[in-house]
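Below: one structure in structure tokens.
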Amino acid sequence: MKWYLQLLTTCAFLCVSSQTINNHTLYLGVFLSINSSVVSTIGFLPALDIAIETVNNHPEVLKSLNGVSYRLDVVLNDSRCDAPASLRGFIDQIFFEPIKIMLIGSPCSVSAEPLAELSPYWNLVQISPAATSSRLSDTSIFPRFLRTVPSDVATIRGVAAVMRRFGWSRIALLTQVENLFTFFAADLREHFQRTNLRVTHEFQFNTNGIVTRVVQSLQNSPVRVVFINMYPRNALQVICQAYRNGLVHPDYVYMFHNWYSNEWWDDLEFVSNCTVAQIQRALRFSLLFDHYPRLPEDEQNVTNIGNLVWEKNLYICA
């Protein structure tokens with residue numbers, strides 16, 4: 001969670017130099033996914049609280065200028081990992097006081113993109129702690145968007161390295177029809193073409209798709225290494241059907257994004273014909289790919305705090 005301190009420190013330096021508010025409080029518009037059936041980022045709230053407190057108490061970050069002291073505060077909006085909800089929240093942040101001088105979020109790419117397209121028209125910098133879509137790297141579309149994590153292209157290099165390590169040469173892609181995942185699929189295909197690996201079968205999945213048909217198509221293909229490129233609730237439907245069709249280890253290996261919530265396989269709200277034990281059986285020896293979000297063990301961040309202290313404070317705050 002130390003990326004939040006890095007993010008807010010950047011905000012503080014930019015904010016002090018750009019605009020002051022009458023009461024000397026600098027307000028940041030924050031977008032998190034709190035009430036969402038897709039991905040919840042409510043766990044970011046303790047890290048946000050710690051980061052705000054740390055920045056406000058730091059003697060150098062928000063030091064007095066011309067005898068005026070400053071502090072950071074936030075106005076929180078629930079973007080729900082949903083583009084329409086994100087847009088409604090953006091309107092609230094822009095047209096209702098207090099004035100916001102920077103935007104943070106959304107952690108979800110699908111709700112970060114509309115904010116990143118609109119924020120330049122209000123001359124607002126936007127920083128996301130977790131939106132990884134490679135589309136957000138296009139500065140011609142998102143000129144004021146920044147993030148504290150690499151794009152999904154970095155994850156793809158890890159997938160390719162694992163493929164080579166185990167001697168696998170081809171992979172099947174099950175992709176949800178949504179920008180975040182279709183751009184990931186396109187980037188993966190491009191990278192694999194340059195590294196003598198192959199995406200030999202692709203299957204598209206949308207929220208109205210027939211899971212049995214997708215899994216049956218996978219079963220009829222010769223590929224046994226499968227990247228399930230979709231949101232967790234859809235991934236669970238696919239994995240449940242794969243279990244019922246017998247597509248499990250040791251004959252199949254499944255790969256996933258690792259930004260799903262903890263123990264996401266226990267949430268069977270949208271799965272009616274599998275138990276948790278069956279889902280866990282189907283997921284045995286699966287591989288999950290993500291960025292490594294921690295500092296090296298012997299390093300400290302800009303406030304001279306290392307991993308152990310941050311984690312201790314995080315647990316206390318949570």
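The values are calculated or read from the model by the stated rules, or taken from the named source; none is laboratory data. Because the structure is a prediction, the values reported are computed rather than measured. A quick note on method: Cβ atoms are made from the backbone with ideal geometry, for glycine too, and the neighbour counts reach across all protein chains shown. All accessible areas refer to the heavy atoms of the entire protein, side chains included, with ligands and DNA or RNA removed. Shrake-Rupley method; radii C 1.70, N 1.55, O 1.52, S 1.80 Å.
Would you mind checking the tilt of helix 44-57 against the longest principal axis of the Cα atoms of the chain, expressed as 0 to 90 degrees and rounded to 10?
Roughly 30 degrees, rounded to the nearest 10.
Leaving out ligands, DNA and RNA, what percent of the accessible area of the chain is carbon and sulfur, probe 1.4 Å?
C and S fraction of accessible area: 50 percent.
Could you report the chain's accessible area per residue, 1.4 Å probe, as an integer in Å²?
Ligands and nucleic acids excluded, the result is 49 Å² per residue.
Now for a different question. Check which residues have an amide H placed less than 5 Å from Gln204's amide H, if you skip close sequence neighbours.
Amide H to amide H, under 5 Å and 5 or more residues apart or across chains, Gln204 pairs with Thr175.
Tell me which label goes with the value of Rg and Dmax of the Cα atoms in Å computed from the coordinates here: (i) 19.5, 60; (ii) 21.5, 72; (iii) 23.4, 81.
The value computed from this structure is option (ii).
Counting only DSSP beta bridges with both residues in the chain, tell me the antiparallel percent, nearest 5.
5 percent
If amide H atoms are built 1.01 Å from N in the plane of the peptide, which residues on other chains or at least 5 residues away come under 5 Å of the amide H of Leu146?
Gln126, Ile127, Ser128
With θ set to phi - 60°, apply the Karplus curve 6.51 cos²θ - 1.76 cosθ + 1.60 along the range 73-83 and write out the HN-Hα couplings as whole Hz, x wherever there is a Gly or Pro.
The phi angles translate into 8, 10, 10, 8, 10, 8, 7, 6, 6, 9, 4 Hz.
Sticking with this one: Can you give me the angle between helix 152-165 and the longest principal axis of the chain, using Cα atoms only, in degrees from 0 to 90, rounded to the nearest 10?
So the inclination is approximately 40 degrees.
Please determine, in degrees from 0 to 90 and to the nearest 10, the orientation of helix 3-18 with respect to the longest principal axis defined by the Cα atoms of the chain, where the helix direction is its Cα long axis.
40 degrees
Just order 147-157, 125-135 by mean Cβ neighbour count inside 10 Å, highest at the front, would you?
Top to bottom by mean Cβ count within 10 Å: 125-135, 147-157.
I would also like to ask the following. In terms of modelled amide H atoms, which long-range or inter-chain residues lie less than 5 Å from the amide H of Leu287?
The answer is Tyr254, Met255, Phe256.
Would you please classify the overall shape of the range 21-136 from the alpha carbon gyration tensor, given that a ≥ b ≥ c denote the square roots of the eigenvalues, rounded means a/c under 1.5, and beyond that prolate means a/b larger than b/c while oblate covers the rest?
Prolate, because a/c is 1.5 or more and a/b exceeds b/c.
Which residue, Gln237, Phe166, Leu62, has the largest displacement toward the positive end of the dipole of the chain when charges sit on each Cβ (Lys, Arg +1; Asp, Glu -1)?
Phe166
Equivalent ellipsoid semi-axes for the range 217-302, as square roots of 5 times the alpha carbon gyration tensor eigenvalues: give them largest first, rounded to whole Å.
28, 16, 11
May I pose another question? Find me the longest stretch of the chain that has none of the exposed chymotrypsin sites (Phe, Trp or Tyr not before Pro), where exposed means in a DSSP loop (not H, G, I, E or B) with at most 12 other Cβ atoms within 10 Å.
The reported range is 167-269.
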